[in-house]
Every structure is written in C-alpha cells, then in structure tokens.
Amino acid sequence: NSPNSIIVQNKRGKLVAAGTINRRFAAIRGVLRYAYTQGYTEHRLWDDTQSIVTAKGAKKVKPRPFEPEEEKALMASPMPPRDRLLLQFVITTGARLDEIALLEWGQLHSDKTEDGKTVFWIDVIDSIVKNNPSKRRIPVLSKVWDLIQQHPKSTNEKEPNRLFTYPRGKDGKAQNKASRAMNAHCR
C-alpha cells in the first residue's frame with residue numbers, strides 16, 4: 001500500500017471493489033479535464049496525480065447460484081407477500097427480475113392442451129425486455145399460478161393493471177426498487 005492509496009468502505013463497512021472506485025474517479029477526472037480544456041485551470045489536475053493514486057478495493061466476487069438449502073431458508077424467512085410472490089416467480093420461471101416486477105394482469109394467460117391439461121404462462125412479447133430474443137412466453141408452475149390468483153388486484157394506485165407496486169425508475173423499469181427489496185431478504 002502506497003501512502004496515496006485510496007481505500008473505500010461501503011455503508012456496511014465492507015471494502016468497495018476497485019472497479020467501483022475507479023468508475024467514480026472517472027467522473028471526477030472528466031470534470032477536471034473539462035476545467036483544464038476550458039481554461040479554468042492552468043494544470044491538468046487529474047493527470048498530474050493519476051500515476052501516484054491507486055484504488056485498493058475488494059477483489060471481484062463472481063455470483064453463484066443459491067444452494068437448495070439456501071433457497072429453502074430464504075423462502076422460509078419472513079417477508080411481505082408481495083416480495084415472496086416476486087421471489088417465487090423469479091426462482092421458478094428463470095425470468096429476469098424486471099420482467100416480473102413490471103408484470104400486468106393482462107400478461108397472465110392459461111389455456112387447455114389437447115389432452116385437457118391446463119397450462120399457464122406469462123407473455124412478455126410486448127414488454128420492456130433486455131433484447132429482442134427476450135420477447136417470449138414464459139411458463140408458470142400451477143402452484144405459483146394459484147398464488148397469483150390469491151394476490152390482491154389493483155394494489156398499485158398509479159398503475160392498477162400491474163401485479164406489483166415496485167415503482168418505475170426514469171428508464172421505465174422497476175428492477176432497482178425490486179432488487180433492493182429482494183437483496184434485503186437475501187442478505
């Protein structure tokens with residue numbers, strides 16, 4: 001560790017990743033370069049110190065899937081019914097969190113097969129999705145379908161057709177708020 005090393009901790013006291021620190025400094029560096037190019041300063045403030053300042057952060061941690069015991073413990077933990085239903089959707093369908101958080105009642109479908117069995121699915125063809133191949137129909141387990149039918153309707157005052165009340169961000173997505181809610185339970 002050099003005397004000019006920067007060590008940053010998050011709110012929980014854990015070390016912040018070096019990549020995060022460097023991204024934040026990139027924004028500061030842009031402002032300082034702008035100041036230099038516009039004549040507000042005579043020196044290239046950031047470039048003079050960049051070589052001696054290094055970010056020391058936590059090593060990158062690769063995400064791993066939950067073990068079956070961890071999933072059971074998570075599902076057994078206390079959480080609001082809305083969060084539990086969202087989590088059950090994500091676990092059983094493999095759909096992206098935002099696809100489920102933005103679900104509308106009109107996207108839920110059921111139909112009979114030729115042998116008389118009922119199948120359930122979610123239609124995200126006309127939804128906000130990551131890319132064109134993500135426009136698809138997602139099968140839903142019958143047990144999760146039963147939970148959906150018990151879920152109260154019109155709980156979202158601004159958008160009464162949506163299943164969940166996670167607010168949308170400026171980008172029209174709800175994944176930030178839904179992710180925060182889920183991360184609190186996962187931690």
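Things to note:
- Some residue of the range 155-167 being surrounded by fewer than 15 Cβ atoms within 10 Å (Cβ to Cβ) and part of a helix (DSSP H, G or I): no
- Some residue of the range 53-74 being open to solvent by 50 Å² or more (accessible area, probe 1.4 Å), outside any loop (DSSP other than H, G, I, E, B), over 27 Å from Gln150 (Cα atoms) and modelled with pLDDT under 90: yes
- Against the test of being charged (D, E, K, R), open to solvent by less than 50 Å² (accessible area, probe 1.4 Å) and modelled with pLDDT of 60 or more, the options Arg44, Arg29, Arg23 yield a single qualifying residue, Arg29.
- Boolean, Thr118 is of a type in the set (Val, Ile, Thr) and out of contact with any Phe, Trp or Tyr (no Cβ under 9 Å at 6 or more places or on another chain): no
- All positions within the range 170-187 that are at pLDDT below 85 and in a loop (DSSP other than H, G, I, E, B): Asp171, Gly172, Lys173, Ala174, Arg187
- Checked against (1) open to solvent by 30 Å² or more (accessible area, probe 1.4 Å); (2) assigned to a strand (DSSP E or B); (3) in contact (Cβ under 8 Å) with a residue 12 or more places away in the chain, Ile122 passes all but a single condition, namely (1).
- Entry remark, the range 168-187: residues being open to solvent by 70 Å² or more (accessible area, probe 1.4 Å), without any contact (Cβ under 8 Å) to a residue 12 or more places away in the chain and closer than 14 Å to Leu86 by Cβ number 2 in total.
- In this structure, Pro139 qualifies as more than 20 Å from Pro63 (Cβ to Cβ) and either open to solvent by 80 Å² or more (accessible area, probe 1.4 Å) or in contact with a Phe, Trp or Tyr (Cβ under 7 Å, 6 or more places away or on another chain) (or both).
The values are calculated or read from the model by the stated rules, or taken from the named source; none is laboratory data. Computed from a prediction, not measured in an experiment: that's the story for all the values here. Ideal geometry is used to build each Cβ from the backbone, glycine not excepted, and the neighbour counts take in all protein chains shown. We work out accessible area using only protein heavy atoms, side chains counted, and drop any ligands, DNA or RNA first. Shrake-Rupley method; radii C 1.70, N 1.55, O 1.52, S 1.80 Å.
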